[in-house]
Amino acid sequence: GAGVSQSPSNKVTEKGKDVELRCDPISGHTALYWYRQSLGQGLEFLIYFQGNSAPDKSGLPSDRFSAERTGGSVSTLTIQRTQQEDSAVYLCASSFAGLNEAFFGQGTRLTVV
Amino acid sequence: QKEVEQNSGPLSVPEGAIASLNCTYSDRGSQSFFWYRQYSGKSPELIMSIYSNGDKEDGRFTAQLNKASQYVSLLIRDSQPSDSATYLCALPWGGGNKLTFGTGTQLKVEL
């Protein structure tokens with residue numbers, strides 16, 4: 001597609017359930033980022049992929065969070081045993097490596113009830 | 001010192017005026033800088049990138065970079081109510097692999 005695509009757009013889940021968030025980057029973009037934005041807050045870096053490898057996982061809040069990227073394209077962010085504090089908008093961005101002009105998807109709004 | 005710092009605002013300017021948004025950063029080795037605009041409830045949108053000292057103009061937007069003083073600015077000429085948004089400064093951090101954002105400046109353009 002022409003832009004970064006994220007799915008689902010909205011997700012409501014019960015506390016304790018696992019969720020998977022998907023990001024389909026712009027074709028040809030080798031770098032992929034995940035960020036989290038809580039209501040009224042700034043962008044919180046979660047993880048960065050270059051190709052299929054994740055050289056920087058420093059932002060993952062806990063071991064309940066994991067992410068993978070396959071085929072240098074689609075990425076999945078998984079949150080296990082969700083907690084209410086996980087409620088936020090999860091944003092994915094992609095860029096050509098080295099240029100770092102990153103373009104964002106529309107985000108996934110996660111609500112844990 | 002934070003990696004990227006911005007005044008949170010809100011910055012209020014009258015319609016037609018010039019809005020000036022500023023950002024300072026701590027990594028002297030940073031080579032590329034980006035401005036994003038984020039409307040309420042929407043995802044950030046890239047509006048300007050700048051890599052060299054000096055000014056870069058694109059329509060009503062001008063980005064200014066001063067590496068010696070470690071600041072980057074965004075000027076919006078002839079501000080319109082539709083420019084009301086949060087403006088985020090971003091730059092690669094940690095060897096260029098991690099795009100780090102400031103907390104953003106909220107701009108309000110008043111009629």
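Observations on the structure shown:
- Residue count, the stretch B:24-42 (criterion: open to solvent by 70 Å² or more (accessible area, probe 1.4 Å), farther than 26 Å from residue A:89 by Cβ and either within 11 Å of chain A (Cβ to nearest Cβ) or in a strand (DSSP E or B) (or both)): 1
- Residue in the stretch A:70-92 that is facing chain B (nearest Cβ under 9 Å), of a type in the set (A, V, I, L, M) and closer than 28 Å to residue B:49 by Cα present: yes
- Condition met for residue B:31 (touching a residue at least 40 places away in the same chain (Cβ under 8 Å) and not hydroxyl-bearing (Ser, Thr, Tyr)): yes
- Condition check for residue B:45: closer than 20 Å to residue A:92 by Cα, open to solvent by 50 Å² or more (accessible area, probe 1.4 Å) and free of Cβ contacts under 8 Å to residues at least 12 places away in the same chain: yes
- Hits in the stretch A:2-25 - residues which are assigned to a loop (DSSP other than H, G, I, E, B) and either surrounded by 19 or more Cβ atoms within 10 Å (Cβ to Cβ) or of a type outside the set (A, V, I, L, M, F, W, C) (or both): A:3, A:4, A:8, A:9, A:14, A:15, A:16, A:17, A:18, A:25
- If you filter the stretch A:6-33 down to residues that are among the hydrophobic types (A, V, I, L, M, F, W, C) and under 15 Å from the mean Cα position of the chain (by Cα), you find that the one that is nearest to residue A:82 (Cα to Cα) is A:19.
- Candidates in the stretch B:86-111 are the residues that are in contact with an Asp or Glu (Cβ under 9 Å, 6 or more places away or on another chain) and free of Cβ contacts under 8 Å to residues at least 60 places away in the same chain; of these, the one that is surrounded by the fewest Cβ atoms within 10 Å (Cβ to Cβ) is B:94.
- Count of residues meeting criterion [within 13 Å of the chain's Cα centre (by Cα) and either open to solvent by 70 Å² or more (accessible area, probe 1.4 Å) or within 14 Å of another protein chain (Cβ to nearest Cβ) (or both)] in the stretch A:38-69: 12
- Residues (of a type outside the set (S, T, N, Q) and over 17 Å from residue B:87 (Cβ atoms)) located in the stretch B:16-38: B:16, B:27, B:28, B:29
The values are calculated or read from the model by the stated rules, or taken from the named source; none is laboratory data. Here the structure is a predicted model, which means the values were calculated and not measured. Cβ: placed from backbone, ideal geometry, glycine included. Neighbour counts: every protein chain shown. Areas reflect the complete protein model, heavy atoms only, side chains present, ligands, DNA and RNA absent. Shrake-Rupley method; radii C 1.70, N 1.55, O 1.52, S 1.80 Å.
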